[in-house]
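This report refers to the structure that appears directly beneath it.
The values are calculated or read from the model by the stated rules, or taken from the named source; none is laboratory data. Just so it is clear, the structure is predicted and the values come from calculations on it, not from any experiment. We place every Cβ from the backbone using ideal geometry, glycine too, and count neighbours over all the protein chains shown. SASA here: full protein model, heavy atoms, side chains in, ligands and nucleic acids out. Shrake-Rupley method; radii C 1.70, N 1.55, O 1.52, S 1.80 Å.
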Amino acid sequence: AFERGTHGARVDQRDGRGALQQFLAQRFGIGDHGDVDATAVSMNPAGLQFLEGPAFGLAFTAAREAQATGGGGGLGIYLGTGLGGGLLPRIGFGIGVEVLRPPRVALAPDPGEPTRLTLASSTPLGEHAAFGASWHKFYDDGRSLDGVGTWDLGLSLRLGAHFAAGAVVRDVGTP
C-alpha cells in the first residue's frame, strides 16, 4: 500500500531502509507516516481518528482466481482525514472505492466482480481510543452482491509510540 499525506515524511538514515524507500519518503511522502494510513477506511475505521492530516492510499492485491483461500484480488483508492478539534470533538472521515476480484471459479454462487463504495467515520473515546463505523455499498450489474449494504464497526487504542491495538466486527446487518 502507498500513502500520501500532507505532513512531511520522517526519514532516519539509521533505520536500515533501502535507498528507494528513503527516496520515496523524502520526495513524495510515500510509506513513512506511522502505523495508520488512509486504508483505515476499509481495514478499521476507528483508525481514522489517529490520522495526522489528509491521507491518500492506493492498494493493489493480486490473487489466484481458482483458490478461495482469501478475499481475492483487487484495487482500492482511499482518502481519509481528521475534521474539527478545538471547540468540537475531532472526528475522522474517509471514503474509499475498491474494485474487487473475488475467486469466482471456486465460489458458488458466482460473486461477480463488484465495486465497493465505502464511507467511514470515527469519534474519540477519550485521548487514546476511538470508535469507528464504515458503511459499504456494493455495485455489480445485477449479480448477487449488487445493491447490498453492510456496516463494519471498529475500536482502536494507541498508547504512545510502542503499543496499539484494534478490533473490527465486519458485515453487521448483512442479509
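Residue by residue through region 118-132, what is 3J(HN,Hα) from phi via Karplus (6.51 cos²θ - 1.76 cosθ + 1.60, θ = phi - 60°)? Round to whole Hz and write x for glycine and proline.
Whole-Hz 3J(HN,Hα) from phi for region 118-132: 10, 10, 9, 8, 9, 9, x, 10, x, 8, 10, 9, 8, 10, x.
Between residue 97 and residue 170, 0.36 nm times their residue separation minus their Cα-Cα distance comes to what?
Computed gain between residue 97 and residue 170 is 24.6 nm.
Given H placed 1.01 Å from N in the peptide plane, which residues other than close sequence neighbours of residue 125 have an amide H under 5 Å from its amide H?
Distant-sequence amide H within range of residue 125: 130, 131.
Tally Lys/Arg at +1 and Asp/Glu at -1 over every other residue whose Cβ is under 13 Å from the Cβ of residue 95; what's the total?
Neighbourhood net charge equals +1.
Using 0.36 nm per residue of separation minus the Cα-Cα distance, give me the extension gain between residue 137 and residue 60 in nm, one decimal.
Details: separation 77, 0.36 × 77 = 27.72 nm, distance 1.97 nm.
Contour length minus Cα-Cα distance gives 25.8 nm.
Per residue, what accessible area does region 85-130 have, given a 1.4 Å probe and all protein chains present, in Å²?
Per residue, region 85-130 has 54 Å² of solvent-accessible surface.
What do you get for trypsin sites (Lys or Arg not before Pro) in region 68-162 restricted to DSSP loop and a cutoff of at most 16 other Cβ within 10 Å of the site's Cβ?
In loop regions of region 68-162 (DSSP not H, G, I, E or B), the sparsely surrounded trypsin sites (Lys or Arg not before Pro) are 143.
Using only the alpha carbons, work out the radius of gyration and Dmax of region 72-175 in angstrom.
My reading of the Cα-based Rg and Dmax gives 16.4, 53 Å.
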